[in-house]
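K.L.:
One structure follows; several queries about it will come next.
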Amino acid sequence: MYRHILVAYDGSEHAERALKTGLALAKLLPEARLVAVHVVRFDHFEEVSIAD
């Protein structure tokens with residue numbers, strides 16, 4: 001049925017529910033692969049430098 005399950009996670013209540021649902025679905029589908037993506041908002045930081 002499903003081969004890939006993608007869950008975006010940002011720490012919110014909705015993301016917690018989505019992760020729990022994705023885990024439950026993955027347990028029912030052993031052939032499926034669960035991938036969680038943690039999302040971070042960079043506009044909350046004053047300065048980010050990747051050049052250093």
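K.L.:
Among the residues of region 25-52 satisfying the criterion of being within 11 Å of the chain's Cα centre (by Cα) and either of a type in the set (Asp, Glu) or assigned to a strand (DSSP E or B) (or both), which is modelled with the lowest pLDDT?
P.N.:
This residue is His38.
K.L.:
So which residues in region 1-20 are farther than 17 Å from His38 by Cβ and at pLDDT 95 or above, if there are any at all?
P.N.:
Matches in region 1-20: His4 only.
K.L.:
Residue by residue through region 7-24, note down the ones that are assigned to a helix (DSSP H, G or I) and open to solvent by 60 Å² or more (accessible area, probe 1.4 Å). First the steps, then the outcome.
P.N.:
If we filter region 7-24 for residues that are assigned to a helix (DSSP H, G or I), which is where we start, we get 13-24.
Result: Glu13, His14, Glu16, Arg17, Lys20, Thr21, Leu23.
The values are calculated or read from the model by the stated rules, or taken from the named source; none is laboratory data. Predicted model, so just to flag it, every value in this text is computed and none were measured. Heads up, the Cβs are rebuilt from the backbone with ideal geometry, glycines too, and the neighbour counts pull from every protein chain shown. Only protein heavy atoms, including side chains, enter the accessible area calculation; ligands, DNA and RNA are left aside. Shrake-Rupley method; radii C 1.70, N 1.55, O 1.52, S 1.80 Å.
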